[in-house]
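Working notes, structure below.
The values are calculated or read from the model by the stated rules, or taken from the named source; none is laboratory data. Please read these numbers as outputs of a predicted model, since none were measured by experiment. Glycine gets a Cβ as well: all are built from the backbone with ideal geometry, and neighbour counts include every protein chain shown. Each accessible area value is taken on the protein alone, full model and side chains, heavy atoms only, with ligands, DNA and RNA left out. Shrake-Rupley method; radii C 1.70, N 1.55, O 1.52, S 1.80 Å.
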Amino acid sequence: MGQEDRSHRMRSLGLTPTIQRLAVLEALESTTSHPTADQVLETVRKKHPTVSRATVYNTLEVLSQAGLILRITVDPAVARYDADLGPHAHFRCRVCNIVYDVAMDKEFSLDEYIEGHRVETVRTYAYGVCKMCLQKEGVTCA
């Protein structure tokens, strides 16, 4: 997505599309690694070296509150961020701590009704040992 689209989405939510906000959103939209705030800061500083840590942390909070990004808590030690707002699950490896998207058997649509309840968001976290770590241990999966 381009800066114009990001600006439009921010304005539609009543946010001013500052350079810092646009840079943080761009950093998140350009990755699927579910970065921490410090990792977002590192990415943003490549293009905007003077941006402060506080600005990035505050921007992540504002974008999360506005619903432009997800703040995920799959890792109890640190918050991670995701620009993919569609229903999906996250997996966290307890060995290497990698966090990534995994397919869900049943995808829920937003505003779908399940047993009389309207779905507004779906957050599914799976924990275990990732394929790479299992291979290092010599374990094969069926």
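Please find, within the range 121-142, the residue that is modelled with the highest pLDDT out of those that are exposed (fewer than 11 other Cβ atoms within 10 Å of the Cβ) and over 17 Å from the mean Cα position of the chain (by Cα). Spell out how you get there, then give the answer.
Pass one, the range 121-142, residues exposed (fewer than 11 other Cβ atoms within 10 Å of the Cβ): 121, 137-142.
When the remaining residues are screened for being over 17 Å from the mean Cα position of the chain (by Cα), the result is 137-142.
Details: Glu137: 83, Gly138: 80, Val139: 73, Thr140: 71, Cys141: 64, Ala142: 56.
Only one residue fits best here, namely Glu137.
Can you spot a residue in the range 56-67 that is assigned to a loop (DSSP other than H, G, I, E, B), under 25 Å from Arg6 (Cβ atoms) and open to solvent by 60 Å² or more (accessible area, probe 1.4 Å)? First the steps, then the outcome.
Quick first cut of the range 56-67, residues assigned to a loop (DSSP other than H, G, I, E, B) only: 67.
Pick out the ones that are also under 25 Å from Arg6 (Cβ atoms) and you get 67.
Those left that are additionally open to solvent by 60 Å² or more (accessible area, probe 1.4 Å): none.
Among the residues of the range 56-67, not one is assigned to a loop (DSSP other than H, G, I, E, B), under 25 Å from Arg6 (Cβ atoms) and open to solvent by 60 Å² or more (accessible area, probe 1.4 Å), which makes the answer no.
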Failed condition for Ala23, given (1) free of Cβ contacts under 8 Å to residues at least 60 places away in the same chain; (2) in contact with a His (Cβ under 6 Å, 6 or more places away or on another chain); (3) within 30 Å of Met132 (Cα to Cα): (3)
Identify the residue in the range 101-119 that is within 30 Å of Glu137 (Cα to Cα) and open to solvent by 70 Å² or more (accessible area, probe 1.4 Å) and, among all such residues, is modelled with the highest pLDDT. Ala103
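Within the bounds of the range 89-106, is there any residue that is part of a loop (DSSP other than H, G, I, E, B), closer than 30 Å to Met132 by Cα and hydroxyl-bearing (Ser, Thr, Tyr)? It would help to see each step written out before you state the result.
From the range 89-106, those part of a loop (DSSP other than H, G, I, E, B) are 94-98, 103-106; that's our starting set.
Filter once more, keeping what is closer than 30 Å to Met132 by Cα: 94-98, 103-106.
Among the residues that remain, those that are also hydroxyl-bearing (Ser, Thr, Tyr) are: none.
No, that holds for no residue.
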Using beta carbons and a limit of 6 Å, which pairs, at least six apart or on different chains, have the first residue in the range 114-142 and aromatic (Phe, Trp, Tyr) and the second one open to solvent by less than 70 Å² (accessible area, probe 1.4 Å)? Tyr125/Val74; Tyr125/His90; Tyr127/Arg92
